[in-house]
Structures are given as C-alpha cells and as structure tokens.
Amino acid sequence: MSFRNISAWSIRNPVPSLVLFFMLTLAGIVSFMRLDVNSQPDIDFPVVIVDISQPGAAPTELETQVTQRVEAALRSLQGIDEIDSTVTEGQSETVVQLAIGTPIDRAVEDVRSSIAQIRSNLPDGILEPQIMRANTTGQDLASYARSAPI
C-alpha cells in the first residue's frame, strides 16, 4: 500500500480509520484535562530604567547633553529590544526593554558600566545616575479602558 492509496484504503475500510481517530481524540482530551493552568503566571519582563536628574535644566538641554549620549552608549549592549526615553524639566528617564530571556541582573550591571564609562562626558550639574530594574512581577499584563459620550 502506497501513500497515494491511503485515502482509497480508508474509504474501503472505515473501521481502522475511525478507531484511530477516536483514540487520538481521546488522547487529546485526556492530555488537555491533565494540563496545568496557572491563572497568575509569574512573568518577569527584563526592563532597566536609567534616571538622570539635573535640577533646573531645560528639556532640550537635557536631551542633547544627556539623553542622546545615554541612548548611544546603551545601543551597543547585547539583548536590547527597545530604548524609550522621556525628558521633562530637570529629569531624563530612559527605559531599556531587553529581549525575553535576557538575565536581568547581568543586564543591569552592563547598563551600569556603560553609564559609568560616559559619566565624564555628561554635564557637571547632574545628580548621580539612578539605574534600576523595573519590577513587573504581579502587575497587569494589559489594561483596557473604554469611554463613551454621555
């Protein structure tokens, strides 16, 4: 019997095909019922935050003198997925999202060493850069909001 004739054989002999179908269906149902499901999975997204403050500095000044240099230094690191920066008056915050599976402790140390290397290129009036990992454990994965006119 070749594979071309398997459909013709199944039509002529439906019992073995039906028995195989029901056995596979039963095995699938049993496997699905025994599958463990965790309603609150422990998902940890590797995110590092770099916070640099310079009291009284204008946002444009911080962007050119601090944020662009920080982003350039962080782009060379391995495992970077996305770099997002926000500059407000007196503060520059850079959020570094790493690829899932990247060891967060090693990534924080890599970011810390990169910032230490460019520290001499940053303005003198800044406070000590704060480098921390974002705690995403136990938070919502997604939030939805809906509004309608009254």
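Heavy atoms only, 1.4 Å probe, whole protein assembly: order Arg12, Arg119 by accessible area, highest first. Could you put the intermediate results ahead of the total?
On the way: Arg12 160, Arg119 70 Å².
The ordering from most to least exposed comes out as Arg12, Arg119.
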Subject >> Whole-number percent relative contact order across the chain, with pairs defined as alpha carbons under 8 Å at least 6 apart >> reply: 30 percent
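For the chain, report the accessible area per residue in Å² (1.4 Å probe, heavy atoms, rounded to an integer). Write down the numbers at each step before the final one.
Working: 11220 Å² over 150 residues.
So the chain comes to 75 Å² accessible per residue, rounded to a whole number.
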Original post:
Put Glu128, Glu63 in order of accessible area, largest first, 1.4 Å probe: what do you get?
Top reply: Glu128, Glu63
Original post:
Pick the calculated Cα Rg over 2.2 N^0.38 Å for this structure from (1) 0.97; (2) 1.14; (3) 1.87?
Top reply: (3)
Subject >> Most mobile listed residue (Gly28, Gly90, Gly79) in the chain, GNM with C-alpha springs under 10 Å >> reply: Gly28
**OP:** For Met23, Met33, write out the residues from largest to smallest accessible area, computed with a 1.4 angstrom probe and no ligands counted.
**Re:** Met33, Met23
Original post:
How large, in percent, is the carbon and sulfur part of the accessible surface of region 22-129 at a probe radius of 1.4 Å?
Top reply: 52 percent
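Ignoring everything except DSSP H segments at least 4 long, calculate the 222 nm mean residue ellipticity for the chain; use -39,500 (n - 2.57) per segment, divide by total residues, nearest 500. Walk me through the numbers on the way to the answer.
Details: 5 runs with 55 residues, N = 150.
Value at 222 nm, helices only: -11000 deg cm²/dmol.
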Original post:
At a probe size of 1.4 Å, how large is the accessible area of Thr25, to the nearest 10 Å²?
Top reply: 60 Å²
Subject >> Cα-based helix-to-principal-axis angle, 14-34 vs the chain, degrees rounded to 10 >> reply: 30 degrees
Original post:
Using 0.36 nm per residue, how much length does the chain from Val15 to Ser120 gain when fully extended, once their Cα-Cα distance is taken away?
Top reply: 29.9 nm
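The values are calculated or read from the model by the stated rules, or taken from the named source; none is laboratory data. Here the structure is a predicted model, which means the values were calculated and not measured. These area figures cover heavy atoms from the full protein model, side chains too; ligands, DNA and RNA do not enter into them. Shrake-Rupley method; radii C 1.70, N 1.55, O 1.52, S 1.80 Å.
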